[in-house]
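Taking it in order: structure first as structure tokens, then the write-up.
The values are calculated or read from the model by the stated rules, or taken from the named source; none is laboratory data. Small disclaimer: the values here were computed from a predicted structure and weren't measured. A quick note on method: Cβ atoms are made from the backbone with ideal geometry, for glycine too, and the neighbour counts reach across all protein chains shown.
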Amino acid sequence: MRWSGDVGIITGRYVSQDDSTVIQLWARARNGESILMRIHGIEPWVEITPLGRWDPSKSVEIDSLLEKEEIIRIEGPETKLTDLGEKPVWRIFVSQPFVVPRLRQDLGMKWTVLSGDIPFVNRFFLDGDLAMHVSIDGEIGVGDEPVDSIVDLTMDDVQHCEPFPVPFTVFSFDLETSIAHDTILCGAAVIEDMGSGERTRHTFTGPEDVILRELTDLVRACDADIITGYNIDNFDLPRITDRANLIAGRNKSARMSLMGWGRVALKESEGKRNRDSLYPKRGTARAWNLAGRCVMDTWWQARQVLRPQRETLKFVSRLLFPDDEDMQKMDVDASKMDEEWATRPDVVLEYCLRDAELPLDIMKKIQAFRRKEAVAAVAKVSLDTSANGSTSQLIDSLVIRHADRVGIAVPLTGSADRKEGQITGGYVHDVEAGLHPWIAILDFKSMYPSIMIGKNICFTTRIDPGSTEQPDEEEEIHESPTGAKFRNQSVRKGMVPHLLEGLMAQRDEHKAGLKNAKDDALKSFHDQMQYAVKILMNSFYGVFASGFYRFTHRDLGSSITAWARHNIKTIINKLDQEGHKVVYSDTDSIFVKTPVEGVKDPKEAMIEFGHSTAERFSEDSAELEFEKGLSVFFSHGAKKRYVGQVVWPSEEMLVRGYETQRTDSFQFLTDGMKEMFRHVLSDDSETAVQLAIEMIAEAKAGKVPIRKLIMSKSCKGKFDKTRNVWDFSKDYANPDSMVQVRAARKLIEKGLPFTPGMKIGFIVTNARNRPMEIEPWLEEDPVSDYDGQYYADRLATALGRLTEAFDWTGKELLSGNRQTSLFSF
DNA sequence: TTGTTCGCCTAA
DNA sequence: TGAGTTAGGCGAACAA
């Protein structure tokens, strides 16, 4: 029997069988079936080349390597390009992927090892030039993994497939636990079929082992592709593992039934793996991992997409669903969970179910799964790598597959010299404090990618004096302001420029697709895709400028930024010489004043000036665009902090850097500051000052609603398992001098969960004492008093920066009158 | 009161 | 969250 169709790959792993290796890929088909793909016939290998520069007169003795048991055969040599020029490269086929780390060390003494740290599963995507979505046609096989169909395949049976929205099954869950005993009191789960949009709801009560067993049964029975929940990475999943381990003790079959969430058979051997196991595991990795399913924490996704001022489930839900009444009712006091559970278990269970369902609503609203799917399609990786992998893994996926195709050797991560010290970054122009009318904002289109393309910047094009490869005299090389040199693209096109050009073209296609799309689904698809391409393009610079990436050299990053500084400073100087005032500039943008003297319509003049100036200074690989036109621009004189009234291409207020943009500020300040901006921009300093004075007085008198005074900061920390306490000393030089640590400690004291990295809300109750006294903000048990003087001072400082442009200092705002007016004549 | 250090968060 | 980068503002704590 055969199975054929289109599938979306969720995650994979390899298994060793006697004398071969099989790649297992779990996928969800377009028709809704779950599929386990078993890929046969891919052989594990590494490559080697002699150490140092290649000397063709030397002979190489390689056959003795065959004496090693784990080496099956050797192919080559093939000539490949390395950082030291072209060298002979042999491919060493090995018995199993897991022998590679040892072999890498052994061979590393006498050889330079290449392609020796690529996870074996990646070979499927790299060798087949495949991405998350594939079409397969293979024989249905037999196996005990809990999926609808198992299909045996070779690479010939797999084809690229145009991306389609995969109908994932998502499992979202939540637990309520006892503060006194750490036990699980109850649980809830909601399962969504993304194909039909249908949901089923489930609750779990009874003895702890029953809850765990039923949860496990449900994960397996519903055949979940994605596991989510709010803060499951740091709370629910660790709790499940801890409790299941405790209950099961040495009883392995009990452990399987309590936490065998992996998409594999309930077999003892399946629990032994460090990764992709029957059991959820974290190890040293950043995300949880288990066989066949993708774990995505809704907290982490919401934080990345929304950057909310606070990060509790309640806050994020209110932010996204302000009209939902369910959010307001049913308040269970989490700090008194044992009592709540004893007195009104039904309410707690209902609350638990709601908290299991909300993550699905949040993920849907922020389109988290489709975003990750688009990134997976563009970067050509699995859903799991897209969702939980690092940026360098995405770049690796594109770069290595290209390198393999054009004969470029793939060095190990960490093989290059570590970049010492920092490279110099972008140029930031001083801002002149005050109001500036009719400012045109020009900016470079995709500045760093354009420079990489234009100057052919790549690991493979850098001219190293130590390499055997040197350009001819006639070759027009690129020399960066730092002195680093790169080959001409007509002689050798770099991998990075090649890939970036491809991505730029791909983005244009999706933008065109977006424009022509007939229905919303198609529109959304092209929008997700073009956005994913943009993200990926902008990731190149960072990865290649990093100190540890495999294709890195310190000259790459520093040359890119040096050219960028050179380009922008040249234009600023020219504008200056022409008498055009540049009021501000940051990295790739220039804020220039429009000449409006004697002009009838200054807005029209600005639009014309913006377009023509951008065009005048545009070059092939440094394209300048007229991005926005401001009727007025204001800054108090600090870089990266400004506000402007945009009048072209649309009407809006543009704010950067100021407290209104910051999640560690408080609402009373941000609301008021926004209003002040409107007065400042309309040159109504009197009203602005008036407003500031009123706000400060209100705070001082304690008349501001306390909810508007909540500040929040993220707090790090590690749990010390041996001492069973939270340890902040690894992250902070002096933990107790940090306000967020003091707030966290108070939460922990109350038995409330603390999540390292999560923001903690707090109210300042007494700032006269050092360090200042604070209380964490608890929705169920709100603080009632605050230090009015402290908030008045904060307001005066922040708002005073704005009013100082009109000669009102923060101190004067605080006192409500201006003493220096005597001297201001 | 002032200068320094640490750490958060943002702009790009 | 063991890996994208640097530039920069600013608040709090603390030492002097």
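From the set of residues in the stretch A:575-588 that are surrounded by 14 or more Cβ atoms within 10 Å (Cβ to Cβ) and either at pLDDT below 95 or closer than 13 Å to A:Thr613 by Cβ (or both), which is farthest from the chain's Cα centre (by Cα)?
Step by step, filter the stretch A:575-588, then rank; the result is A:His580.
Which of the residues that make up the stretch A:170-216 are under 30 Å from A:Glu749 (Cβ atoms) and surrounded by fewer than 20 Cβ atoms within 10 Å (Cβ to Cβ)?
A:Ser178, A:Ile179, A:Ala180, A:His181, A:Asp182, A:Thr183, A:Thr205, A:Pro207, listed by residue number.
Which pairs turn up if I take residues in the stretch A:735-763 that are within 14 Å of A:Val725 (Cβ to Cβ) and look for partners that are more than 11 Å from DNA strand C (Cβ to nearest atom) and polar (S, T, N, Q) with beta carbon separation below 6 Å, at least 6 apart in sequence or on another chain?
A:Pro735/A:Ser729
Would you confirm, using the coordinates I've provided, whether A:Trp299 is in contact (Cβ under 8 Å) with a residue 40 or more places away in the chain, closer than 30 Å to A:Ala131 by Cα and in the same structural domain as A:Arg243 (by TED's automatic domain parsing)?
It is true that A:Trp299 is in contact (Cβ under 8 Å) with a residue 40 or more places away in the chain, closer than 30 Å to A:Ala131 by Cα and in the same structural domain as A:Arg243 (by TED's automatic domain parsing).
Which residues, taken from the stretch A:289-304, are surrounded by 22 or more Cβ atoms within 10 Å (Cβ to Cβ) and within 9 Å of DNA strand C (Cβ to nearest atom)? Outline the logic, then answer.
Initially, the stretch A:289-304 is screened for residues surrounded by 22 or more Cβ atoms within 10 Å (Cβ to Cβ), giving A:289-300, A:302.
Once the filter is applied, which keeps residues that are surrounded by 22 or more Cβ atoms within 10 Å (Cβ to Cβ) and within 9 Å of DNA strand C (Cβ to nearest atom), the stretch A:289-304 yields A:Asp297, A:Trp299, A:Trp300.
Within the stretch A:665-682, is there a residue that is modelled with pLDDT of 95 or more, more than 13 Å from DNA strand B (Cβ to nearest atom) and in a loop (DSSP other than H, G, I, E, B)?
There is at least one residue in the stretch A:665-682 that is modelled with pLDDT of 95 or more, more than 13 Å from DNA strand B (Cβ to nearest atom) and in a loop (DSSP other than H, G, I, E, B).
For A:Lys730, state whether it is over 30 Å from A:Lys703 (Cβ atoms), more than 10 Å from DNA strand C (Cβ to nearest atom), part of a loop (DSSP other than H, G, I, E, B) and not aliphatic (A, V, I, L, M). Walk me through it before giving the result.
Values: over 30 Å from A:Lys703 (Cβ atoms): yes; more than 10 Å from DNA strand C (Cβ to nearest atom): yes; part of a loop (DSSP other than H, G, I, E, B): yes; not aliphatic (A, V, I, L, M): yes.
In short, yes.
Scan the stretch A:208-241 residue by residue and report those that are out of contact with any Leu (no Cβ under 7 Å at 6 or more places or on another chain) and aliphatic (A, V, I, L, M).
Residues of the stretch A:208-241 out of contact with any Leu (no Cβ under 7 Å at 6 or more places or on another chain): A:208, A:210-211, A:214-215, A:217-229, A:231-235, A:237-238, A:241.
Once the filter is applied, which keeps residues that are out of contact with any Leu (no Cβ under 7 Å at 6 or more places or on another chain) and aliphatic (A, V, I, L, M), the stretch A:208-241 yields A:Val210, A:Ile211, A:Leu215, A:Leu218, A:Val219, A:Ala221, A:Ala224, A:Ile226, A:Ile227, A:Ile232, A:Leu237.
Is it true that some residue in the stretch A:427-446 is assigned to a helix (DSSP H, G or I) and within 30 Å of A:Thr82 (Cα to Cα)?
In the first step, residues of the stretch A:427-446 are kept if they are assigned to a helix (DSSP H, G or I); the result is none.
No, every residue in the stretch A:427-446 fails to be assigned to a helix (DSSP H, G or I) and within 30 Å of A:Thr82 (Cα to Cα).
What pairs come out if I take residues in the stretch A:612-629 that are assigned to a helix (DSSP H, G or I) and pair them with residues that are of a type outside the set (D, E, K, R) whose C-beta lies under 7 Å away, six or more apart or interchain?
Filtered contacts from the stretch A:612-629: A:Thr613/A:Ala440; A:Thr613/A:Leu442; A:Thr613/A:Val592; A:Ala614/A:Leu442; A:Ala614/A:Leu624; A:Ala614/A:Phe626; A:Phe617/A:Ile571; A:Phe617/A:Leu624.
What do you reckon, is A:Asp527 over 21 Å from A:Lys455 (Cα atoms) and either surrounded by 15 or more Cβ atoms within 10 Å (Cβ to Cβ) or within 24 Å of the chain's Cα centre (by Cα) (or both)? Walk me through how you get there before you give the answer.
Details: over 21 Å from A:Lys455 (Cα atoms): yes; either surrounded by 15 or more Cβ atoms within 10 Å (Cβ to Cβ) or within 24 Å of the chain's Cα centre (by Cα) (or both): yes.
Against the criterion (over 21 Å from A:Lys455 (Cα atoms) and either surrounded by 15 or more Cβ atoms within 10 Å (Cβ to Cβ) or within 24 Å of the chain's Cα centre (by Cα) (or both)), A:Asp527 qualifies.
Quick one: in the stretch A:663-712, of everything that is of a type in the set (A, V, I, L, M) and farther than 30 Å from A:Pro437 by Cα, which residue is surrounded by the fewest Cβ atoms within 10 Å (Cβ to Cβ)?
Here the answer is A:Ala701.
Filter the stretch A:633-647 for residues that are crowded, with 17+ Cβ neighbours inside 10 Å and outside any strand (DSSP E or B); which is nearest to DNA strand B (Cβ to nearest atom)?
The extreme case among them is A:Arg641.
Looking only at the stretch A:258-314, count every residue that is touching a Ser or Thr at 6+ places or on another chain (Cβ under 6 Å), more than 16 Å from DNA strand B (Cβ to nearest atom) and polar (S, T, N, Q) and tell me the total.
Number satisfying all stated conditions: 1.
Being in contact with a helix residue (DSSP H, G or I) (Cβ under 9 Å, 6 or more places away or on another chain) and either within 14 Å of DNA strand B (Cβ to nearest atom) or part of a helix (DSSP H, G or I) (or both) is the filter here, so list the residues in the stretch A:713-725 that pass it.
Result: A:Lys713, A:Ser714, A:Cys715, A:Lys716, A:Gly717.
Going by the structure shown, is A:Tyr786 aromatic (Phe, Trp, Tyr), within 25 Å of A:Leu813 (Cα to Cα), in a loop (DSSP other than H, G, I, E, B) and touching a residue at least 60 places away in the same chain (Cβ under 8 Å)? Show your work before the answer.
Working: aromatic (Phe, Trp, Tyr): yes; within 25 Å of A:Leu813 (Cα to Cα): yes; in a loop (DSSP other than H, G, I, E, B): yes; touching a residue at least 60 places away in the same chain (Cβ under 8 Å): yes.
The answer is yes for A:Tyr786.
Those residues that are part of a helix (DSSP H, G or I) and under 20 Å from A:Ala368 (Cβ atoms), I need them from the stretch A:210-241; list them, please.
Keep residues of the stretch A:210-241 that are part of a helix (DSSP H, G or I), which gives A:210-222, A:232-241.
If the condition is that a residue be part of a helix (DSSP H, G or I) and under 20 Å from A:Ala368 (Cβ atoms), then A:Val219, A:Cys222, A:Ile232, A:Asp233, A:Asn234, A:Phe235, A:Asp236, A:Leu237 are the ones that fit.
Against the condition more than 30 Å from A:Val583 (Cβ to Cβ) and surrounded by 15 or more Cβ atoms within 10 Å (Cβ to Cβ), how does A:Leu442 come out, does it pass? Steps first, answer last, please.
Working: more than 30 Å from A:Val583 (Cβ to Cβ): no; surrounded by 15 or more Cβ atoms within 10 Å (Cβ to Cβ): yes.
So A:Leu442 fails the test.
So, in the stretch A:370-392, of the ones that are of a type in the set (Gly, Ala, Ser) and either at pLDDT below 95 or not in a helix (DSSP H, G or I) (or both), which residue ends up farthest from DNA strand B (Cβ to nearest atom)?
A:Ser382
Suppose we keep only residues that are closer than 22 Å to A:Ala409 by Cβ and in contact with a helix residue (DSSP H, G or I) (Cβ under 9 Å, 6 or more places away or on another chain) within the stretch A:465-489. Which one would you say is surrounded by the most Cβ atoms within 10 Å (Cβ to Cβ)?
Going through the qualifying residues, I end up with A:Phe486.
Look through A:Gly757, A:Gly761, A:Gly717 and report the one residue that is within 16 Å of DNA strand C (Cβ to nearest atom), crowded, with 17+ Cβ neighbours inside 10 Å and under 23 Å from A:Asp182 (Cα atoms).
Selected residue: A:Gly717, the only one of A:Gly757, A:Gly761, A:Gly717 that is within 16 Å of DNA strand C (Cβ to nearest atom), crowded, with 17+ Cβ neighbours inside 10 Å and under 23 Å from A:Asp182 (Cα atoms).
Can you tell me which residue among A:Asp117, A:Asp129 is among the acidic types (Asp, Glu) and farther than 30 Å from A:Pro165 by Cβ?
Criteria check complete, one pass: A:Asp117.
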